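Student: Input: one structure, supplied below.
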Amino acid sequence: MQPNPDLSAQRICRPEISDRGTSLLRLITLVTTILACTVCFVAQEADGSSVTGATPTAAIYLAKDDGRGKAGEEATSFVTTDVPIYCVVKLESSTPVTVRMNLVAVAVAGVKPETQVVATTYTTKLNENRVNFTGRPSGPWVAGRYRVDIFVGGHPAVSREFAVQKPIQAKPSPRSFDPKTPDKSRLAGPVRKSS
């Protein structure tokens, strides 16, 4: 409302609100909000999560093929012919969640450091708490250092670095001399030239 210059006794009308009533209403609202937040916090702590958002936990291990197309026992060293390499993710919870694996080339000849080589995702079903990811290049692995980054529910959960080395070539052993076994090339006698 704008003042009218023609009216000398104009008043701006505002509804009267009791300062005491407003303060009491604000205090009740504040206490109610604090109590509601406290109840939510306690309820979330009781089920293992937190107000800031709990990051689901997971453990991983790397494995070679067991010969039947499944992940074998945990392995810490790999060679270029270990195809595939398994990344087994064990989840703490068996509620459905999305698990993502990024395979990163940390230090591999011909590849820029920290290059993401493969990314794959799997969403678990109810009562599933294990995910098997498989790394399978089209040929042998390129020797170098790699890293597996695991994300659970969109949050980083765990990382593991590993090396893939060239297989060690077995050197031929020198022929052993056994004095008990006669050298058959000497038993034939001298070689005669035929005329």
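Student: What distance in nm separates the simple spin-label points at residue 161 and residue 126, each placed 7 Å from Cα in the Cβ direction?
Tutor: 4.2 nm
Student: A further question follows. Step through the table entries 64/166; 64/112; 90/112, compare each Cα-Cα distance with 21 Å, and write down the pairs that go over it.
Tutor: 64/112; 90/112
Where a number appears in this text, it was derived from the coordinates with a stated rule and is not lab data. Predicted model, so just to flag it, every value in this text is computed and none were measured. Note: ideal-geometry Cβ built from the backbone for every residue, glycine included; neighbour counts use all protein chains shown.
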